[in-house]
1. Report relative contact order for the range 10-62 in percent, whole number only (criteria: Cα-Cα under 8 Å, sequence separation at least 6).
2. Just to be sure I understand the model, the point goes 7 Å from the Cα along the line to the Cβ. What's the resulting residue 123 to residue 16 distance in nm?
3. Peptides 115-123, 1-9, 28-36: what's the order by average Cβ count within 10 Å, highest mean first?
4. Over the range 14-122, calculate the relative contact order: mean separation of alpha carbon pairs under 8 Å at least 6 apart, over the residue count, as a percent.
5. Take 73, 147, 57 and order them by how many other Cβ atoms sit within 10 Å, fewest up front.
6. From the gyration tensor of the Cα coordinates in the range 1-106, what semi-axes in whole Å does the equivalent ellipsoid have, largest first, with each one equal to sqrt(5λ)?
7. In terms of Cα to Cα distance under 30 Å, which lysines are near enough to residue 115, apart from those fewer than 8 places away along the same chain?
Amino acid sequence: MDKVKIEVKIPENVQITHNGVIITITPFITVAKQIFLINHYMQDYFGTGADGTGYATLNAAYNLKNYLFQINTNIDTENMDNDVYVDDVLWEKITREIVNWSLFAEHLYLVVEEKKRLVALENSLGTVVSGLVLKGYSVLDKLSEITPEQIEKTRETGIELIQKLQDSSVLGAGSIKEE
């Protein structure tokens, strides 16, 4: 069978009007731009500034809009009113014109869900307990040659591990006090 060469034909830029302003949109998100958007979204979403969900969902959503405005439109984001980020009509008009937006959004959702699953797994009881058991075995192996300083260090490590266990999402609000 003869091999054929396939080329992506990026659609020509389109223009929309929003509140009397003509906006030019590049109607295709390239692979490089998708990787850029996903990487930045993940950094924003799983970064600091959690909004009550344990993740920075609002920050990530608004930054995604900002990045898309910058790389696929002619919107001046430097002098833009922040309320533009909550203008759903504008967002819908822009994303409707991007031919591969829904596929990109699906990929973004899958990446976020996979990372959430991994975070949950890292914080699961089994993982936390396994870590505690391994630390315990390490301490027992060194018990015969332990000094008073090492006992104090071990006590501090134990308290840190208990605190980590308390802080894990598995056990939540338990409380163990140091004696």
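Each reported figure results from applying straightforward, stated rules to the coordinates on display, with no laboratory input. This one's a predicted model, so the numbers in the text were calculated from it and none came from an experiment. Methodologically, a virtual Cβ is constructed for each residue, glycine included, from the backbone with ideal geometry; neighbour enumeration extends over all protein chains shown.
1. Working: 49 pairs, mean separation 11.3, N = 53.
Rounded, it is 21 percent for the range 10-62.
2. My value for the distance between the label points is 3.5 nm.
3. Numbers: 115-123: 12.2, 1-9: 5.2, 28-36: 14.0.
So the peptides 115-123, 1-9, 28-36, ranked by packing, come out 28-36, 115-123, 1-9.
4. Numbers: 93 pairs, mean separation 31.8, N = 109.
Relative contact order comes out at 29 percent.
5. Values: 73 19, 147 8, 57 16.
In increasing order of surrounding Cβ atoms, one gets 147, 57, 73.
6. Working: eigenvalues 145, 87, 21 Å².
Ellipsoid semi-axes (Å, largest first): 27, 21, 10.
7. Excluding near neighbours in sequence, the set is 33, 65, 93, 135, 164.
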